[in-house]
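Have a look at the structure below, then the notes.
What follows is calculated from the coordinates using simple rules that are stated; it is not laboratory data. Just so it is clear, the model here is predicted, and its values are computed rather than measured. Quick reminder, even Gly has a Cβ in these numbers, built from the backbone with ideal geometry, and neighbours come from all protein chains shown.
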Amino acid sequence: MTSTGKSDTGRRMKILVTKIGLDGHDRGSRLVAGFLRDAGMEVIYTGPWQSAQSVVRQALEEDVDAIGISSLASDHLLVPKLMLALGEAGLDNVTVVVGGIVPEEEEALLRDAGVAEIFHPGTSRDQIVGTISDLIAAARAREGEPASHE
């Protein structure tokens, strides 16, 4: 990725940062959204209290490359339902990452559902930005995305 947040395709990477369920603590997700925006990505930020269906609808409308879910109060347990809804909407190509408080014994549930990465508290800005950039670039390469999508 270049400093403008563009992948090799020339189109800016686009990520939806959201919170599903009833967890209203959004300070961390707002911080991460800023990291990604500062790295040149286009960020759509929804704020808290989203349903899986509203996230799917927004992902479709915005044509996102990735969805970042923030969970501080066990709402990560709703992510498998979101992954199913994404698949039903034909969005299995959208990369999904989860950040926040995810107990080690629950990580397999998320990975088995298709979550590409789990970021725990203390993960550095550079690691978050770099990993998400790499995941989006790999997904675009698998899709054979043309050189320009603007």
field: Net charge dipole size for segment 8-96 [Lys, Arg +1 and Asp, Glu -1 on Cβ; Debye, nearest 20]
entry: 220 debye
CD proxy at 222 nm, helix term only [per DSSP H run n ≥ 4: -39500 (n - 2.57); per residue of the chain; nearest 500]: -12000 deg cm²/dmol
- request: Return a whole-number percent for the relative contact order of the chain, with Cα pairs under 8 Å and 6 or more residues apart as the contact set.
  value: 27 percent
- request: Please determine, in degrees from 0 to 90 and to the nearest 10, the orientation of helix 79-88 with respect to the longest principal axis defined by the Cα atoms of the chain, where the helix direction is its Cα long axis.
  value: 50 degrees
message: Under the 0.36 nm per residue contour assumption, what length would be gained going from the current alpha-carbon distance of Glu88 and Thr131 to full extension?
response: 12.9 nm
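Output the peptides 59-72, 27-40 sorted from most to least packed, where packing is the average of other Cβ atoms within 10 Å over each peptide's residues.
Ranking the peptides 59-72, 27-40 by packing returns 59-72, 27-40.
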- line: The helix 52-62 Cα axis meets the longest alpha-carbon principal axis of the chain at an angle in degrees, between 0 and 90 and rounded to 10, of 10 degrees
query: Which angle from 0 to 90°, rounded to the nearest 10, does the C-alpha axis of helix 125-143 make with the longest principal axis of the chain?
result: 60 degrees
query: Within a Cβ distance under 14 Å of Leu109, other residues only, what is the Lys/Arg minus Asp/Glu net charge?
result: -4
query: How big is the charge dipole of segment 79-150 about its Cα centre, in debye rounded to the nearest 20, if each Lys and Arg gets +1 on its Cβ and each Asp and Glu gets -1 on its Cβ?
result: 140 debye
Overall Cα dimensions of segment 14-140, principal axis frame, Å, largest first: 31, 29, 24
- line: Restricted to the chain, the DSSP antiparallel beta bridge percent, nearest 5, is 5 percent
Most fluctuating residue given options Gly99, Gly87, Gly122, as computed from a GNM of the chain linking Cα atoms under 10 Å: Gly122
message: Please report the net charge: other residues with Cβ closer than 13 Å to the Cβ of Arg30, K and R +1, D and E -1.
response: +1
